[in-house]
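Step one of this worksheet: look at the structure below.
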Amino acid sequence: MLLAELEIRHSRAVAPTRRVALGLHWLPTDPPPGFGGVLLGGIVAAHLDAIDDDMLVALLRLLDDLEAGRRIAQPRLRHRFQTDVVGLDRSRHKLVGRGEQVTFEIDDHGAPVPQILGAVYAAGRIHSSTRAVVFDTVRRAMRWDGHIGPELVAWLTDPTYAGPASWRRFPTDARWALQVLGFGPDTEPEPEDVRRRFRSLIREVHPDHGAETDGAGQRVVELTQARRILLT
């Protein structure tokens, strides 16, 4: 039984261009994140290991821009998003139900970056009433390190589910977040203090400011997650 589907159009492997577009899609989000949100998270989780730290940092920025509904300057992650699909290859991703089990059918013939971009651009088109929950699901998918199957579905839909251990699976504990951002374990920083500390640490770890490139993306994800915990 088909539960959700997304067709991503992208440049062919032999083409000199890097273009991405959305094809036919069915992404139900009721109740949020819905099967559509779960599919988008699964597409991102399935391809994330193939991108480097610099692209991971750029992806986090793009997620924030799309969730906020900002105008998206092109290109992003070295690919241009467009509406024209003429001449583009296609990848079809599905979320399907087999009996009581829900799992993914991920089309793996295309390059990873266009698949991730197609998923997050599709998330940006979700109605504003459910968009935030869908983007939270995509960010949760970025912390997954395991098989792309029913366990991932459980991880994306059940906050209490304990998935495979990974550097991506951070605790949702305020004490951990305080430690990551350099606050004392028993402090209660004001929101502006959290934002100020986050901005300072991001500048320190970003390669544009002289930090080491290796591991920068991982550290940015940690800082971003800690900021979200303390500001929620």
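What the table below lists for this structure:
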{"quantity": "Scan of segment 102-121 for residues that are of a type in the set (S, T, N, Q) and surrounded by 20 or more Cβ atoms within 10 Å (Cβ to Cβ), ordered by number", "calculated": "Q115"}
{"quantity": "Failed item in (1) more than 28 Å from V221 (Cα to Cα); (2) in contact with a Ser or Thr (Cβ under 9 Å, 6 or more places away or on another chain); (3) at pLDDT 95 or above, with T17 passing the rest", "calculated": "(3)"}
{"quantity": "Residue in segment 157-166 that is modelled with pLDDT of 90 or more and surrounded by fewer than 12 Cβ atoms within 10 Å (Cβ to Cβ) present", "calculated": "no"}
{"quantity": "Residues within segment 90-131 that are under 28 Å from M1 (Cβ atoms), over 15 Å from the mean Cα position of the chain (by Cα), part of a loop (DSSP other than H, G, I, E, B) and among the aliphatic types (A, V, I, L, M), tallied", "calculated": "1"}
{"quantity": "Neighbours by Cβ (under 8 Å, 6+ apart or cross-chain): first from segment 116-135, in contact (Cβ under 8 Å) with a residue 24 or more places away in the chain; second basic (K, R) and part of a helix (DSSP H, G or I)", "calculated": "A123/R131; G124/R131"}
{"quantity": "Any hit, segment 1-18, residues being crowded, with 22+ Cβ neighbours inside 10 Å and over 19 Å from F135 (Cα atoms)", "calculated": "yes"}
{"quantity": "One residue from G36, G87 being crowded, with 19+ Cβ neighbours inside 10 Å, of a type in the set (G, A, S) and either assigned to a loop (DSSP other than H, G, I, E, B) or assigned by TED's automatic domain parsing to the domain that holds G146 (or both)", "calculated": "G36"}
{"quantity": "Failed condition for L95, given (1) in contact with a strand residue (DSSP E or B) (Cβ under 7 Å, 6 or more places away or on another chain); (2) without any contact (Cβ under 8 Å) to a residue 24 or more places away in the chain; (3) crowded, with 19+ Cβ neighbours inside 10 Å", "calculated": "(2)"}
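The values are calculated or read from the model by the stated rules, or taken from the named source; none is laboratory data. For clarity, every value in this text was computed on a predicted model and none was experimentally measured. Ideal geometry is used to build each Cβ from the backbone, glycine not excepted, and the neighbour counts take in all protein chains shown.
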